[in-house]
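The values are calculated or read from the model by the stated rules, or taken from the named source; none is laboratory data. Source: prediction; values computed, not measured. Because the Cβ atoms are built from the backbone with ideal geometry, glycine has one as well, and the counts that use them run over all protein chains shown.
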Amino acid sequence: MKIGVAGAGAFGTALAVALSSNGPVTLWARDRDQSRDMQNHRENRRRLPDVALGPNISITSDIESLSALDTILVAVPAQTLRGWLTEHRALLGGKRLVSCSKGIDLETLKGTGAQLAELVPDASAAVLTGPSFAVDIARHLPTALTLACADADDGEYLQSCLSTPALRLYRTTDVIGAELGGALKNVIAIACGVCIGAGYGESARAALMTRGFAEMRRLGDVLGAQPETLAGLSGFGDLALTCTSDKSRNYRFGLSIGRNEPFDPSTTVEGAATAAALIKLARHHDLDLPISTVVHALATKEMAPETALGALLSRPLKEE
Ligand SMILES: NC(=O)C1=CN([C@@H]2O[C@H](COP(=O)(O)OP(=O)(O)OC[C@H]3O[C@@H](n4cnc5c(N)ncnc54)[C@H](O)[C@@H]3O)[C@@H](O)[C@H]2O)C=CC1
Ligand SMILES: O=C(CO)COP(=O)(O)O
């Protein structure tokens, strides 16, 4: 298998480092200066500092370099995935494409796997998701992820080629469940960050995680996700990681809201756009997603953190 990673942010770089222990990997960066800097320093100083890019990694900003490869992991921010696929679809046809982004597209309300399938229909589409911080993957710390591919044979092949001694992939054919879990947990992580940042405490966070998981299941049911997928690494697993670690950018974004502190707008925070997409999906499917609704209002500054808890606690009492 000839592997490429498109997108040289923290996660794309980390995946290239992990997979380079199996063989050569091409890492494509859209920015030529960034690509040169990585070539010169053998390090992604901007997004993943202090991690060496070994000799098995070829760094390029030439998109044509991807045409010789058969498998491409796409690790661009979720809201840019559609544009990236549309721009490069001519060279992506016939390949195995693995989305590594987590989010729901605001324009089409589609998950990342669905967009691969729609925009490059003659490619084999898969989703790689689950609990993993880029820095942990890059340091070869033990990590377990979900590899979702509707075609069971392709999924099995990808599972064997993309696993390493430290990176253990579990496979499923439930692409919808896998892409939803990865997208939705970011929204709940923002809520948990607000909760801790505003001083509401860990019991309140546990409640938010649990009720947030109920929202994930509710939407999953309507969109055709399998409940076991959401209960696995890509749903529950990633929810547990992201809602409890300040390595998570979504969680830190929430912390900053809860503490009324500024937040660097250049940071990739997928949950903010996904919350906006969820509002539209909830309306379309007549679903009640109270936590996601509050997160959207907080992220857009329509609601202050002091009123967020009241908005959730004043809802009518109901069965669990
Ligand atoms: N960082 C992490 O620990 C993990 C990230 N992810 C997911 O990976 C995706 C990417 O995140 P990160 O790499 O962490 O973000 P990042 O903020 O570190 O880097 C984003 C990269 O995407 C590039 N980029 C932006 N727009 C682009 C476009 N239109 N075309 C090509 N490249 C473009 C930027 O130049 C930058 O290098 C996100 O969906 C995130 O949820 C998934 C698991 C872990
Ligand atoms: O997806 C992640 C962990 O699984 C990374 O989370 P953040 O995007 O919040 O940093």
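Please work out which residue is farthest from ligand 2 (Cβ to nearest atom), limiting yourself to the range 121-157 and to residues that are among the β-branched types (Val, Ile, Thr) and surrounded by 22 or more Cβ atoms within 10 Å (Cβ to Cβ). Don't jump to the end; show me each part of the working.
Taking the range 121-157 as the starting set, the residues that turn out to be among the β-branched types (Val, Ile, Thr) are 127, 129, 135, 137, 143, 146.
In the following step, the residues that additionally are surrounded by 22 or more Cβ atoms within 10 Å (Cβ to Cβ) were identified as 127, 129, 137, 146.
Working: Val127: 13, Thr129: 8, Ile137: 10, Thr146: 11 Å.
Checking each candidate, the answer is Val127.
Quick check: anything in the range 276-298 within 21 Å of Glu107 (Cα to Cα), polar (S, T, N, Q) and more than 11 Å from ligand 2 (Cβ to nearest atom)?
yes
Sort through Thr26, Thr60 and tell me the only one that's surrounded by 14 or more Cβ atoms within 10 Å (Cβ to Cβ) and within 23 Å of the chain's Cα centre (by Cα).
Result of the check over Thr26, Thr60: Thr26.
Within the range 67-85, does at least one residue satisfy the condition of being among the polar types (S, T, N, Q), surrounded by 19 or more Cβ atoms within 10 Å (Cβ to Cβ), within 16 Å of ligand 2 (Cβ to nearest atom) and farther than 16 Å from Cys161 by Cα? So that I can check it myself, show each step before the final result.
To start, the set of residues in the range 67-85 that are among the polar types (S, T, N, Q) comprises 67, 71, 79-80.
The next check asks that each one be surrounded by 19 or more Cβ atoms within 10 Å (Cβ to Cβ); those that pass are 71, 79.
After this cut, where a residue has to be within 16 Å of ligand 2 (Cβ to nearest atom) as well, the list is 79.
Still in the running and farther than 16 Å from Cys161 by Cα: 79.
Looking for residues that are among the polar types (S, T, N, Q), surrounded by 19 or more Cβ atoms within 10 Å (Cβ to Cβ), within 16 Å of ligand 2 (Cβ to nearest atom) and farther than 16 Å from Cys161 by Cα, one finds at least one in the range 67-85, hence yes.
Gly155 passes all but one of (1) assigned to a helix (DSSP H, G or I); (2) closer than 12 Å to Leu239 by Cβ; which number fails?
Unmet condition: (2).
For the structure I just gave you, tell me whether Asp122 is closer than 22 Å to Met216 by Cβ and at pLDDT 95 or above.
Working: closer than 22 Å to Met216 by Cβ: no; at pLDDT 95 or above: yes.
Taking the combined requirement at face value, the residue does not satisfy it.
Return the pair list, or none, for Cβ contacts closer than 6 Å from residues in the range 169-191 that are farther than 16 Å from Gly113 by Cβ and outside the structural domain of Thr143 (by the TED database) to residues that are aliphatic (A, V, I, L, M) and away from ligand 2 (no atom under 12 Å from the Cβ), at least 6 apart or on different chains.
Listed by first residue and then by second, the contacts come to Val187/Ala275; Val187/Val295; Ile190/Val295; Ala191/Leu208; Ala191/Ile291; Ala191/Val295.
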